[in-house]
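The values are calculated or read from the model by the stated rules, or taken from the named source; none is laboratory data. Every value quoted in this text rests on a predicted model; they were computed, and no experiment measured them. Note: ideal-geometry Cβ built from the backbone for every residue, glycine included; neighbour counts use all protein chains shown. Note: accessible area is taken over every heavy atom of the protein model, side chains too, but ligands, DNA and RNA are not part of it. Shrake-Rupley method; radii C 1.70, N 1.55, O 1.52, S 1.80 Å.
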Amino acid sequence: MSTDLDLVAAFVNTLDVESGHDALESAEALRGWLVQRGLLGGDHPVTDADLGRALAVREAIRGLAERNNPGAGTPPDAEPVETLNRLADGSRLILSFGPEGDARLESVDEGVPGALGRILAAVFVAMTDGRWDRFKACARDSCRWVYVDRSRNRSRTWCSMDVCGNREKARAFRERRKAKR
């Protein structure tokens, strides 16, 4: 089941922190990513300044996701909030009411600011409807992959138990064993 938070996770995970691979390595790569997901029309130009804004949004959202994982041990930082507030201001988000008694937050800009605004709107909706605390970053410092915690008790700590979870548990075991010696 794909959700708006899955889109946000896909956006943040365009940078694989562990390998260093960045799918948004250029303005053209950002343009392709946004067009492929229907967030930007194919004829809209993307500048290096747009890329800089997108990367700032991406890392600020990752910073907020790290706060949602109590296992990460990362103290809250004010910078992600300040960054998102600054960038949300330029995304031209408006509240729109529909004929069916629905309401949505949408961007009136068709360019990159609008595309980023749609990503920020998804974050806002998740924060207001109670799903945001499920959006987490892996507790392993060298990973920081974001994911939506779909566990019943919302206690997931790592992006994958098979990879990061096993590595961290093995590391903790080795440290405990070393301490006993």
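Data overview
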{"item": "Local net charge near Arg86, Cβ-Cβ under 12 Å (Lys/Arg +1, Asp/Glu -1)", "result": "-2"}
{"item": "GNM top mover of Pro99, Pro70, Pro45 - the chain, alpha-carbon springs below 10 Å", "result": "Pro99"}
{"item": "Rounded if a/c under 1.5, otherwise prolate or oblate - the stretch 15-153, Cα gyration tensor axes", "result": "oblate"}
{"item": "For the stretch 43-118, the fraction of alpha-carbon pairs in successive 10 Å shells from zero, as %", "result": "18, 38, 28, 14, 1"}
{"item": "Carbon + sulfur, % of accessible area of the stretch 37-102 - ligands and nucleic acids excluded, 1.4 Å", "result": "54 percent"}
{"item": "Radius 15 Å from Cβ of Ala126, net charge of other residues (Lys, Arg +1; Asp, Glu -1)", "result": "+4"}
{"item": "Cα long-axis angle, helix 27-36 against the chain (0 to 90 degrees, to the nearest 10)", "result": "80 degrees"}
{"item": "The chain: Cys lacking any partner C-beta under 4.7 angstrom", "result": "Cys164"}
{"item": "Descending principal axes extents, the stretch 79-137, alpha-carbon based, whole Å", "result": "37, 27, 14"}
{"item": "Fluctuation leader among Gly101, Gly114, Gly20 - the chain, Gaussian network, Cα springs under 10 angstrom", "result": "Gly101"}
{"item": "Cut-off 14 Å between beta-carbons: net charge of the residues surrounding Val108, Lys and Arg +1, Asp and Glu -1", "result": "-1"}
{"item": "Spatial separation of Cα centroids for the stretch 94-127 and the stretch 1-67, in angstrom", "result": "17 Å"}
{"item": "Degrees, to the nearest 10: 48-67 long Cα axis against longest axis of the chain", "result": "40 degrees"}
